[in-house]
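Worksheet: one structure, shown below.
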Amino acid sequence: MTPQTYLDFAAVQIFWIAVSVFWVLRRKDELPLITSVLLFYIFSFRLWAMLQGIVVATNISNFGFDNPTVGSMLEVDGLAVLGETVFLLAYFFAQTKKLITPKAELPPEAMRSIRLRVLLLAGVCLPLAVLARASVAAQAAAGKSLAFEITSYLSLFPLALVGLAILIGALWRIGAFNNFFNWTAACVFLLGIAYVTFQPALRFQFLGWVVAVTVIVASGQSIGRKAGFLMFGFAAAVAAFAVAGALRNEEDPDAELERSAWERFVFAQDANMLDGFALLRQVYPNLLNYTYGGEHLEILERPIPRAWWPGKPVGGYMNKLGIIDADTGFTLGISPSLFGSFYQEGAVYGLILLSAIYGYAFGRIVKFSTKVEPFAGLVIRGCVCAGLIPLLRGGDLPGIYAWFGMSFWPVALIFWLHRKQLFVRRRQMLPAPVSSASYVRVETNPMPRYS
């Protein structure tokens, strides 16, 4: 492959960004735009930074891996563009509705009940999340392995705040915080959630929920107001994401944080999924067989605690190769993007098939969100946007689905408790059919009657 090949791949990704902008204007649906912009950043932009010599490929040669070459990077870029194209085409095929956000139809008592339960959940989960973080930090400092000896239910519990942030954002959008006390409580909880989830290890989840709340607040607005909300929210989310990434730099703690964060974002230092995909192709199928759906089957195994099943299969090729275990004292993984995970399942055929399935599934979920009560639709689309970002990052799909379970159980709880109010199909605004029994014939010029 030649540098011209890179330009062709970049042009395809830019084309999908343009199509996604048109899709937002026509369908008010931001998910393709989020997808295409993020994938352009982590593939074409990252490769451009490498070709310019601004950044270098991730080097883990001390673990026996070859350094990725320009040729291998171009091949991976092409595979990613193929996966993105199939994903978006399947999404466009499945999602045929315009996302109009009408006024919420919740009865006042139902809205008050949902608001109370969400605020109570936030009031309980927020301090528990702080305690969970402290407990995990104490156990890690005592020498326990985060991946093997500390239960994931404890370490992932703070992710429940992601679902609560989405619920609060949706309640805000429908005007549920209609007095000073409710408004203040919502602001305090959102600030608390931002504080707890703003950390290097959860930066993709943090980015996800901030983008989700931005999309929720911007829904139903005019094009100008929507663009303003999206630009401001996305800029704030990206800036915070870059700062969280800069906080990982332990080599030079005295380095200027602002400069470090700016460089990490502008030079795509955190967007190393291109490198991860290239490294993954060194493993499959040379060192490990393609998983042929096994990565997805492991989703069912992941919720089982390792204390109950000590021999539970490990996830991630670094674990499967024995490079990382409970005794190494560190964790290592270069995320290969969602398309890398698809490639692991079955080479190019797995990439194409799973990209089509996922794109179609996302389209159907978003389409379904237009057929339920508007508040529930907002929450569903918020969860989709929040989950999309860590999902596109890829790597260890069972772990990502575990994140989803721990993030969205508050949403599932609220939906279950209020299922009768939230999942009644929205009435179509069509005239009622006229029955034969009520049909009355009217004659404008009746013939005179003679006796």
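The values are calculated or read from the model by the stated rules, or taken from the named source; none is laboratory data. A quick note: this is a predicted structure, and the numbers were derived from the prediction, not measured. Neighbour counts are summed over all protein chains in view; Cβ atoms, including those assigned to glycine, are modelled from backbone coordinates with ideal geometry.
For the subset of the range 351-378 comprising residues that are farther than 17 Å from LEU31 by Cα and at pLDDT 95 or above, which member is nearest to the chain's Cα centre (by Cα)?
Looking at the filtered set, the residue picked out is LEU354.
Take the residues of the range 50-70 that are in a loop (DSSP other than H, G, I, E, B) and among the small types (Gly, Ala, Ser): which is surrounded by the fewest Cβ atoms within 10 Å (Cβ to Cβ)?
Going through the qualifying residues, I end up with GLY53.
So if I check each of VAL136, VAL81, VAL70, which one is within 26 Å of the chain's Cα centre (by Cα) and free of Cβ contacts under 8 Å to residues at least 24 places away in the same chain?
VAL136
Just name the residue that is surrounded by the fewest Cβ atoms within 10 Å (Cβ to Cβ) out of those in the range 177-232 that are in a loop (DSSP other than H, G, I, E, B) and in contact with a helix residue (DSSP H, G or I) (Cβ under 6 Å, 6 or more places away or on another chain).
Going through the qualifying residues, I end up with PHE198.
Out of the range 367-379, which residues are hydrophobic (A, V, I, L, M, F, W, C) and crowded, with 21+ Cβ neighbours inside 10 Å?
Passing the criteria: PHE375, ALA376, LEU378, VAL379.
Would the range 210-233 turn up any residue that is basic (Lys, Arg), at pLDDT below 80 and under 25 Å from ILE100 (Cβ atoms)?
Yes, the range 210-233 contains at least one residue that is basic (Lys, Arg), at pLDDT below 80 and under 25 Å from ILE100 (Cβ atoms).
Could you list, in sequence order, the residues of the range 1-23 that are of a type in the set (A, V, I, L, M) and touching a residue at least 40 places away in the same chain (Cβ under 8 Å)? Give the steps one after another, and end with the answer.
Just the residues of the range 1-23 that are of a type in the set (A, V, I, L, M), to begin with: 1, 7, 10-12, 14, 17-19, 21.
Listed by number, the residues that qualify are MET1, VAL12, VAL19.
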